[in-house]
Amino acid sequence: MHNVRKETPLFLVCKWAGELDEKEREKTEGGTAEESTERRGSRDRQLQHNGGGAGGQVEMIGGADNALDRHLDELSARLLAEAVPSLFSFPVIPRDPPRPNPDAEELISYYSDIDACSDSDREIQYERDADGDPVVPVYNVKVDNGDGGEEALRLVEALIDGGAELHYYTLAIACEEQNWKIAKILLRKGVPVNKPEEHSENHPLGWEGTVPLASAFRAREWDVARDLLEKGADVNALEGGGISPLLSLFVRRHGGKEDDDAEEEERVVTFIETLVEKGADVDAQSALGESALHTVCSRGYARALKVLLEKGANVHLKGPSTLDHLNFKNSGTALHSAVKSGKANVREMVQILIDHKANVNTIDSPLTAVPVLLSALYEREMETVELLLANGARVNEIVDDNGATVVHKACTAGRRDAIEFLVQKGASLSWCDKKGNCCLHLAVSSEEFEVVKYLLSLIASGQKSGAAVGLNRKNEALKFTPLHIAIRMDDSGLIASLLSHGADIRMRTKANQTAIDLARSPEVKLLLEEREQSLD
């Protein structure tokens, strides 16, 4: 027999309450009733082939139609097609002293006693232990918790009162599967709300990273969350990916309860205060670097943002340093998250962050090095841009180790609108990065032709000289001018435009090559030769 973890009947109910009934399953799988019957027979044979419990024996037997009244009969009877065949059964663990409960005893007897399960039109799977005695089955009970689920609720209470072990993972399954009535019963019966420190061989596979408090927050089950906190739920317990309950508070699960934005933020603020009072780490970050500050800014929760900062959240905390578009919204500091949120209250959130000493010249990450000012320009949040400038944002700020400025980044990104605004605010177009590239070098090499067109228009209009935009400036590595770069790209239109604005074809590269020497195509070479002849 394989050494595998096991599930109790109570685990099963909490996991499967609310599943489709048999007719809905047949619709999902398709085919005729005969085909559906054949599929079930195939599954049954597969389960028998995979072996049984402690004694290694699995039997399929019938049960009595009248063994229980109708509502209990409906709880019994069909083998869960989705159950993993290698999960085995084990008996309900009795309490000491046992608590008498006729319903529980009848129910457990019905599933455990071979004599009580004869002449049924439904098959029930059970197993025998090493002594040959039947044990409580694990994955053959089907209950429906859809529109009230009174049968499921009665089954849970009966199992608990009959001696079923109250285990943390039972609660975790109920919460994650959104069986909230069952979760409330479990909490009322005293189920542990925190994961046991010692590893348990009997915990169900796949549920190790589930935290009931986080599940309740995501589903907006505020009453369950409050009950969990009152019973001592760990406010710093982490789910998979390092997600804390505080982070889960800002994520609404699909299908969870929906409040209007104002009501939801009010509840969120209340729970932030409660979590912090109980010791929650306000700066806790997920494995991807997301924090509560980033998330509230992305959601537009200005009041929650203020509360977090008042509770000591680090305004300078940075999110994930990644180029992954899924994490783009939370890269950088909370300022970046606020300006990229797209919410109507961006300016309000930025003002709150500035009031708490946020650095208005910070970049998002070393990978992209986009300053907050440029992020705001990209999002066309012009009121926020003016607010940042009024509070010390610098248009000529060097933003990365390569010596690039704010306007350099805009040139590389092809954001003509941002460049025009920055120039109006005094940004220098002649500054070069550490590699000797100025704005025109960067725009040409990035093939951002609208930016090149704008920079050259400044020369044509007399607003800037050729030197001011670096028309004939050489970079450090190859001593290339913007014209040399355009020739390497073999772009005759771009070359003609640079020449018409005064680009010098006689300047030599580090390899002592002129523009004509670099020409590849006959068309470009002819264009350059004609230009040289016109200069003679």
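The values are calculated or read from the model by the stated rules, or taken from the named source; none is laboratory data. A quick note: this is a predicted structure, and the numbers were derived from the prediction, not measured. Here the Cβ positions follow ideal geometry from the backbone for every residue, glycine too, while neighbour counts run over all protein chains shown.
Only a single criterion out of (1) farther than 23 Å from residue 473 by Cβ; (2) assigned to a loop (DSSP other than H, G, I, E, B) is not satisfied by residue 385, namely (2).
Please determine whether any residue of region 351-358 is modelled with pLDDT of 95 or more, on the phi > 0 side of the Ramachandran plot and not small (Gly, Ala, Ser).
Our first condition is that a residue be modelled with pLDDT of 95 or more; within region 351-358, this holds for 351-358.
Going one step further and asking which of them are on the phi > 0 side of the Ramachandran plot, we end up with 357.
Imposing the further condition that a residue be not small (Gly, Ala, Ser) reduces the set to 357.
Among the residues of region 351-358, at least one is modelled with pLDDT of 95 or more, on the phi > 0 side of the Ramachandran plot and not small (Gly, Ala, Ser), which makes the answer yes.
Taking the criterion of being surrounded by fewer than 19 Cβ atoms within 10 Å (Cβ to Cβ) and among the basic types (Lys, Arg), the residues of region 472-530 that qualify are 479, 488, 506, 508, 510, 520, 525.
Selection of region 417-440 for residues being farther than 16 Å from residue 503 by Cα and either assigned to a helix (DSSP H, G or I) or assigned by the TED database to the domain that holds residue 379 (or both) yields 417, 418, 419, 420, 421, 422, 423, 424. The residues listed here are 518, 535, 498; of these, the one that is farther than 18 Å from residue 475 by Cα, of a type in the set (A, V, I, L, M, F, W, C) and out of contact with any Gly (no Cβ under 8 Å at 6 or more places or on another chain) is 535. Scanning region 334-359 for residues that are more than 11 Å from residue 384 (Cα to Cα), in contact with a helix residue (DSSP H, G or I) (Cβ under 8 Å, 6 or more places away or on another chain) and without any contact (Cβ under 8 Å) to a residue 40 or more places away in the chain yields 336, 354.
One line per residue, one yes/no per condition, for (1) assigned to a helix (DSSP H, G or I); (2) surrounded by 18 or more Cβ atoms within 10 Å (Cβ to Cβ); (3) in contact (Cβ under 8 Å) with a residue 12 or more places away in the chain:
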| residue | (1), (2), (3) |
| --- | --- |
| 270 | yes, no, no |
| 276 | yes, yes, yes |
| 280 | no, yes, yes |
| 286 | no, yes, yes |
| 290 | no, yes, yes |
| 295 | yes, yes, yes |
| 306 | yes, yes, yes |
| 309 | yes, yes, yes |
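Tallying residues that are in a loop (DSSP other than H, G, I, E, B) and either more than 14 Å from residue 391 (Cβ to Cβ) or touching a residue at least 40 places away in the same chain (Cβ under 8 Å) (or both) within region 360-373 yields 8.
Filter region 249-264 for residues that are modelled with pLDDT of 80 or more and touching a helix residue (DSSP H, G or I) at 6+ places or on another chain (Cβ under 6 Å); which is surrounded by the most Cβ atoms within 10 Å (Cβ to Cβ)? Looking at the filtered set, the residue picked out is 249.
Which residues, counting only those in region 388-416, are part of a helix (DSSP H, G or I) and within 14 Å of residue 455 (Cβ to Cβ)? Those that are part of a helix (DSSP H, G or I) and within 14 Å of residue 455 (Cβ to Cβ): 407, 408, 410, 411, 412, 416.
Return yes or no: is residue 344 outside any helix (DSSP H, G or I), touching a His at 6+ places or on another chain (Cβ under 9 Å) and over 24 Å from residue 454 (Cβ atoms)? No: the conditions fail for residue 344.
For every residue, the table says whether it meets (1) over 28 Å from residue 398 (Cα atoms); (2) in a helix (DSSP H, G or I).
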site	(1), (2)
442	no, yes
450	no, yes
456	no, yes
472	no, no
483	no, yes
496	yes, yes
510	no, no
513	yes, no
528	yes, yes
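Among the residues of region 191-235, those identified as part of a loop (DSSP other than H, G, I, E, B), under 25 Å from residue 295 (Cα atoms) and at pLDDT 75 or above are 210, 211, 219, 220, 221, 233, 234, 235.
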